[in-house]
Each structure stands twice: as structure tokens, then as C-alpha cells.
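To keep things clear, I will list the structure first and then write my remarks on it.
The values are calculated or read from the model by the stated rules, or taken from the named source; none is laboratory data. Since we're looking at a predicted model, the values are computed, not measured. Cβ atoms come from the backbone with ideal geometry, glycine included; neighbour counts cover every protein chain shown.
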Amino acid sequence: MTTASRLPEPYPQGGSNLADILERVLDKGIVIAGDIRINLLDIELLTIKLRLVVASVERAKEMGIDWWEDDPALSSGARRTALARENEELRRRVEQLERRELAEGGDATGDGERRGGGEQHDGRGERERDR
């Protein structure tokens, strides 16, 4: 009679495995905080404050942490919002420049012509005209 040998199991059955621990941490959240201060003769030279929060997205939102939603590098919605805001700002500035040009008696077409007998440019530089 032969007995089959069993391979040892990689994880103990009674303990928590890594997936269970990770699930608990993400569900509850964990905060790690620490400060590093470097002083020389009672003069503070450097202070580093470290804060680490590990949690699921849902748990982080419950805690009021949602900075990734407004970061254009991380969120396509934030990227669109940033581009729309920049586009609106550029349109506003162009309108201001056009109004200023019209108020100064110019032509807002941008072709260099001015109303009221202003100088017209033929596209050549001053050096070519002087020859």
C-alpha cells in the first residue's frame, strides 16, 4: 500500500490572506502620517510633512477626498472643463482686443488697414521700399 504525498499549502487556511487584508484596508481606509523636522541650534532648517491615505475610491469620496476629479492630468472631464475655461478666456481676450482696435479707429479684421486715412501696408518691409 502506498500513500500519496501531499504538497504543503502555500497559505495557512486559518489566517487572512493578502486579498482579505487589502479588501479590509480599502473598505475601511488607513491613514499614515509623519513629520520630519531638521533643526540646527534651535533653528528649523527643514520640515517635511508626510500624509498617506489608502482607501477605495468610494471610501475616499465619503471622507471628502476627491482631488483626482479636478486634476486635468487624471480626469478627462476635468481636462474638458479646463480646455473650455481656457477657450472662453481666450475668446474674451480676443473680443477685448477687437473692441480696443475699433475704439482706436482701426479695422478689427486684422489685415493691418486703418480707417480714417491711415497708412496702408503693401506687405514689403521698409528696406525694400527704401531701395
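List of remarks:
- Within the stretch 54-66, the set of residues being in contact with a helix residue (DSSP H, G or I) (Cβ under 7 Å, 6 or more places away or on another chain) and assigned to a helix (DSSP H, G or I) comprises just one member, Arg59.
- Unique residue being surrounded by 10 or more Cβ atoms within 10 Å (Cβ to Cβ), within 30 Å of Lys28 (Cβ to Cβ), aliphatic (A, V, I, L, M) and at pLDDT below 90 when the list is Ala60, Ala82: Ala60
- You will find that of Leu26, Leu22, Leu45, the residue that is on the phi < 0 side of the Ramachandran plot, at pLDDT 80 or above, exposed (fewer than 10 other Cβ atoms within 10 Å of the Cβ) and not in a loop (DSSP other than H, G, I, E, B) is Leu45 and no other.
- Residue list for the stretch 67-85, restricted to those being charged (D, E, K, R) and in a helix (DSSP H, G or I): Glu69, Arg79, Arg80, Arg85
- Of the residues Arg37, Arg51, the single one that is part of a strand (DSSP E or B) and loosely packed, with under 10 Cβ neighbours inside 10 Å is Arg51.
- Annotation note: Cβ proximity below 8 Å between a residue of the stretch 41-52 that is more than 30 Å from Ile30 (Cβ to Cβ) and in the same structural domain as Ile30 (by TED's automatic domain parsing) and a residue that is hydrophobic (A, V, I, L, M, F, W, C) and surrounded by 10 or more Cβ atoms within 10 Å (Cβ to Cβ) (sequence gap 6+ or interchain) occurs for Leu45/Ile38.
- If you go through the stretch 63-79 and pick out every residue that is of a type in the set (S, T, N, Q) and surrounded by 11 or more Cβ atoms within 10 Å (Cβ to Cβ), you end up with 1.
- Selection status of Glu58, assigned by TED's automatic domain parsing to the domain that holds Ile30 and without any contact (Cβ under 8 Å) to a residue 24 or more places away in the chain: yes
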